[in-house]
Amino acid sequence: MKKVILTGDRPTGRLHIGHYIGSLVNRVKLQDEYKQYVMIADIQALTDNFDNPQKVRDNIIEVALDYLAVGIDPKKSTIFIQSLLPELSELTMYFLNLVTLSRLKNNPTVKEEMKQKNFGASIPVGFLVYPISQVADILGFKADVIPVGEDQLPMIEQTNEIVDKFNRIYSPVFKRVSPLISKFPRLKGIDGNSKMGKSLNNAIYLSSSHEEIRDKVMAMYTDPNHIHKEDPGKVEGNMVFYYLDAFDTGKDTIEQLKARYRKGGLGDIELKERLITVLDNLIKPIRERREEFSKDKDAIYEMLKRGSEEARVITEKTLAEVKKSIKINYYE
Ligand code: TRP
């Protein structure tokens, strides 16, 4: 039997080149080898967007289009919407009993996010417990492997703590899960911020037009002391080289460009033109497929409905086992 992967994204915006290099490329590869479930995590998106439900609703289709455009194939991967699987919420309730408040507050990912969002003392409970809902997503599918970035390892730890506790207190229903750590560290934004994101307005989207790519690359900072073409320039911290290193497959050419830039004689415009070409070569086929798919949105919603029905069969089965294990299967 194929091993199971569960992965997903919050529908809070279109996906960008950071998602592409960090996870989407992987998913396209992994869908042949694994049984892959790809979740559009609308319930999780609401934990920090509860006051903006229209945003979450509108982005379901945007994320689905991005998935299809990059080559996640609904014949190989099951793409579904989290809220259409109520079993996941029910599992969350049972798992909540197995985690302490102090453990939740000490989750490094949650800690970091709480700081960023400036919740202060008024943390919505839904936000605080989203890691448990995430554990329910993973265990609902009895996933073997979870693709994560380094920064999300606490999520795997939390999952395995619940696995151990559940199996010990009730009966052995779950197996421990393993992380599959992304080789690529989180992609920085075009402003050099450690995170690329919509709210930071520093992302390059997979749906970008040629002009949008051009504008964003032209706005990138290079080396502030590299004023004239002849000036020697710095490669380190230079965002254009950072993205070339990430996306340009012509490694020899980049090394030559770096040498020329350091020595002096390579202008920022010429360098940026190269990055524009590289990014456009990457994004153009994705953009075109996306446009093609977006002509029939009904078909996309239909695909998500079918995927959710298929996925629900699995979570129903898991929930039945859990209820039996907790002895609340009264009428079975
Ligand atoms: N946390 C992920 C995100 O922010 C989405 C997600 C929800 C997820 N549940 C998951 C990812 C379970 C992997 C496994 O995009």
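The values are calculated or read from the model by the stated rules, or taken from the named source; none is laboratory data. Here the structure is a predicted model, which is why all the values come from computation and not from measurement. For neighbour counting, all protein chains shown are included, and Cβ atoms are generated from backbone atoms with ideal geometry for every residue, glycine included. For the accessible areas, the whole protein counts, side chains as well, though only heavy atoms, and no ligand, DNA or RNA atoms are used. Shrake-Rupley method; radii C 1.70, N 1.55, O 1.52, S 1.80 Å.
Assorted remarks:
- Restricting the range 9-30 to residues that are within 12 Å of the ligand (Cβ to nearest atom) and not in a helix (DSSP H, G or I) leaves a set whose member that is nearest to the chain's Cα centre (by Cα) is ASP9.
- Qualifying residue in the range 127-135 (condition: part of a loop (DSSP other than H, G, I, E, B) and within 12 Å of the ligand (Cβ to nearest atom)): no
- Extreme residue, nearest to the ligand (Cβ to nearest atom), among residues of the range 31-55 that are part of a strand (DSSP E or B) and surrounded by 22 or more Cβ atoms within 10 Å (Cβ to Cβ): MET39
- Lone unmet requirement of (1) farther than 26 Å from LYS165 by Cα; (2) touching a Lys or Arg at 6+ places or on another chain (Cβ under 9 Å); (3) polar (S, T, N, Q) for GLN44: (1)
- Applying the set (1) within 26 Å of GLN31 (Cβ to Cβ); (2) of a type in the set (Lys, Arg); (3) more than 18 Å from the chain's Cα centre (by Cα) to ARG186 leaves exactly one unmet item: (3).
- Restricting ALA121, ALA143, ALA69 to residues that are away from the ligand (no atom under 13 Å from the Cβ), assigned to a loop (DSSP other than H, G, I, E, B) and hydrophobic (A, V, I, L, M, F, W, C) narrows the list to ALA121.
- Some residue of the range 156-168 being surrounded by fewer than 18 Cβ atoms within 10 Å (Cβ to Cβ), outside any helix (DSSP H, G or I) and at pLDDT 95 or above: no
- Conditions (1) more than 9 Å from the ligand (Cβ to nearest atom); (2) closer than 16 Å to LEU98 by Cα; (3) touching a Ser or Thr at 6+ places or on another chain (Cβ under 6 Å): number failed by GLN158: (3)
- Residue in the range 82-101 that is over 18 Å from TYR301 (Cβ atoms), within 14 Å of the ligand (Cβ to nearest atom), of a type in the set (A, V, I, L, M) and in a helix (DSSP H, G or I) present: yes
- Test: residue in the range 245-260 that is among the hydrophobic types (A, V, I, L, M, F, W, C), closer than 30 Å to SER294 by Cα and either within 28 Å of the chain's Cα centre (by Cα) or open to solvent by 50 Å² or more (accessible area, probe 1.4 Å) (or both): yes
- Meets criteria (more than 29 Å from ASP164 (Cβ to Cβ), of a type outside the set (A, V, I, L, M) and assigned to a helix (DSSP H, G or I)) for LYS111: no
- Within the range 169-180, restricting attention to residues that are surrounded by fewer than 16 Cβ atoms within 10 Å (Cβ to Cβ) and away from the ligand (no atom under 13 Å from the Cβ), the residue that is nearest to GLU309 (Cα to Cα) is LYS175.
- The listed residues are ILE5, ILE79, ILE60, and the only one of them that is outside any loop (DSSP other than H, G, I, E, B), more than 13 Å from the ligand (Cβ to nearest atom), under 19 Å from VAL148 (Cα atoms) and modelled with pLDDT of 95 or more turns out to be ILE79.
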